[in-house]
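Q: Take a look at this one; I'll ask things after.
The values are calculated or read from the model by the stated rules, or taken from the named source; none is laboratory data. Nothing here was measured: the structure is a model prediction, and the numbers come from that model. Reconstructed Cβ throughout: ideal geometry from the backbone, glycine too, with neighbour counts over all protein chains shown.
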Amino acid sequence: MIRKLNFSAGPAALPEEVLKQAQEEMLDWHGHGLSIMEMSHRSKEYVSVAEQAEQDLRDLMQIPDNYKVLFLQGGATTQFSMIPLNLLRDKKTADYINTGVWSKKAIAEAKRYCEVNIAATTEHNNFTSAPSQDELKLNLEAAYVHYTPNETIGGVEFDYIPETGDVPLVADMSSSILSRSIDVSRFGLIYAGAQKNIGPAGLTVVIVRDDLIGQMLPSAPTMFDYSIHAAADSMNNTPPTFGWYLAGLIFQWLKRQGGVEGMQMINQRKAEKLYAAIDRSAFYANPIAVANRSWMNVPFTLADANLDKRFIEEADQAGLLNLKGHRSVGGMRASIYNAVPESAVDALIAFMAEFEHKHS
Ligand code: PMP
């Protein structure tokens, strides 16, 4: 068996060590004679797995006690609706920062429920930077401020956490959660689809300050109410048990890598060497403002777009998968999440140099 190097934007690479552990435990979880997928979510064995995963995430992110951690379904996209439904409370407007494709989707959904004030947008420069704090036109009456710390498609990442005073800050961390340390207490709500840095698709993690929940629009569906999920420890109905279990294995793996702080150092090194390789060549380019270059998603173009197809074909042959850029951007994109080892980035850099040598 040869495992290839996977640069997919999501569902993305998972640590081999974790996949092997899941494989070992697959038929007979801890001597119980059945797999974790076949267990009741209410069994004491499963509940202990679920609780351990939550505790490990709390440890990794140093989540304060006044925050609920929810393990939900529906993807980050469902959060685009749950956030306004739960957090508007008696307010009529919300602030959104627009830095690309995912911000726009969140904005479009919020517009169904409230007046959206675009606090800043970088559309004028084709989303190649993040706005600075000074550029944010925040509304003191807003129910919350929403932003996307890392735009997965554009490869734009905020290099600071916006200061929003008393207005709760909401972050779509789908593609950046657990990649570097952050101060959770700066946020009202953090959400992330699991399929990049947390585990398999089908699980969505929400971290929410407890004073913000319990005031959902009365006509909204029960399953959209954060307070219902919080009161039931995310077991109001059957949770995504396998995804939650696997996330737990990833959290333990992450602790073995030195936690988020350890991972942050590796991630910074991986990103810096890949951008350096792009910058030192006239053959490759990345358009993003240096301070806002994503550590997780690195888009790049070839000077001659006619070579794009060749690049993908040859990369595939060399065992480097999923480097094609998003259809809306073109070119290439290397997603280098936590589970993509530094050796894979080294292999990509070597391949890029060789490809350039051959074709220039
Ligand atoms: N937000 C961001 C930043 C994303 O990268 C994605 C998925 N690529 C989504 C939202 C949508 O997530 P999901 O498919 O889990 O709904």
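Q: Would you please name the residue that is farthest from Gly155 (Cα to Cα), looking only at residues in segment 1-31 that are of a type in the set (Gly, Ala, Ser) and not in a loop (DSSP other than H, G, I, E, B)?
A: Here the answer is Gly31.
Q: Keeping to segment 171-197, report how many residues are in a loop (DSSP other than H, G, I, E, B), farther than 14 Å from Arg58 by Cβ and within 11 Å of the ligand (Cβ to nearest atom).
A: Of the residues in segment 171-197, 8 are in a loop (DSSP other than H, G, I, E, B), farther than 14 Å from Arg58 by Cβ and within 11 Å of the ligand (Cβ to nearest atom).
Q: Any chance you could count how many residues in segment 321-360 are within 24 Å of Pro287 (Cβ to Cβ) and buried (at least 22 other Cβ atoms within 10 Å of the Cβ)?
A: The total comes to 11.
Q: Which one of Glu45, Glu123, Glu54, Glu115 is in contact (Cβ under 8 Å) with a residue 24 or more places away in the chain and either out of contact with any Asp or Glu (no Cβ under 8 Å at 6 or more places or on another chain) or within 16 Å of the ligand (Cβ to nearest atom) (or both)?
A: Glu123
Q: Counting residues that are within 20 Å of Tyr144 (Cβ to Cβ) and assigned by TED's automatic domain parsing to the domain that holds Trp244, which helices (runs of 4 or more DSSP H) fully inside segment 44-127 reach at least 3?
A: 75-87, 101-110
Q: Quick one: what pairs do we get from segment 19-34, first residue touching a residue at least 12 places away in the same chain (Cβ under 8 Å), second among the acidic types (Asp, Glu) and part of a helix (DSSP H, G or I), C-beta under 8 Å, 6+ apart or different chains?
A: From segment 19-34, the pairs are Trp29/Glu45; His30/Glu45; His32/Glu45.
Q: Go through segment 264-294 and give me each residue that's over 20 Å from Asn125 (Cβ atoms) and either in the same structural domain as Gln133 (by TED's automatic domain parsing) or in a loop (DSSP other than H, G, I, E, B) (or both).
A: Of everything in segment 264-294, those that are over 20 Å from Asn125 (Cβ atoms) and either in the same structural domain as Gln133 (by TED's automatic domain parsing) or in a loop (DSSP other than H, G, I, E, B) (or both) turn out to be Arg280, Ser281, Ala282, Phe283.
Q: For segment 129-168, how many residues are surrounded by fewer than 18 Cβ atoms within 10 Å (Cβ to Cβ) and either modelled with pLDDT under 95 or touching a helix residue (DSSP H, G or I) at 6+ places or on another chain (Cβ under 8 Å) (or both)?
A: 4
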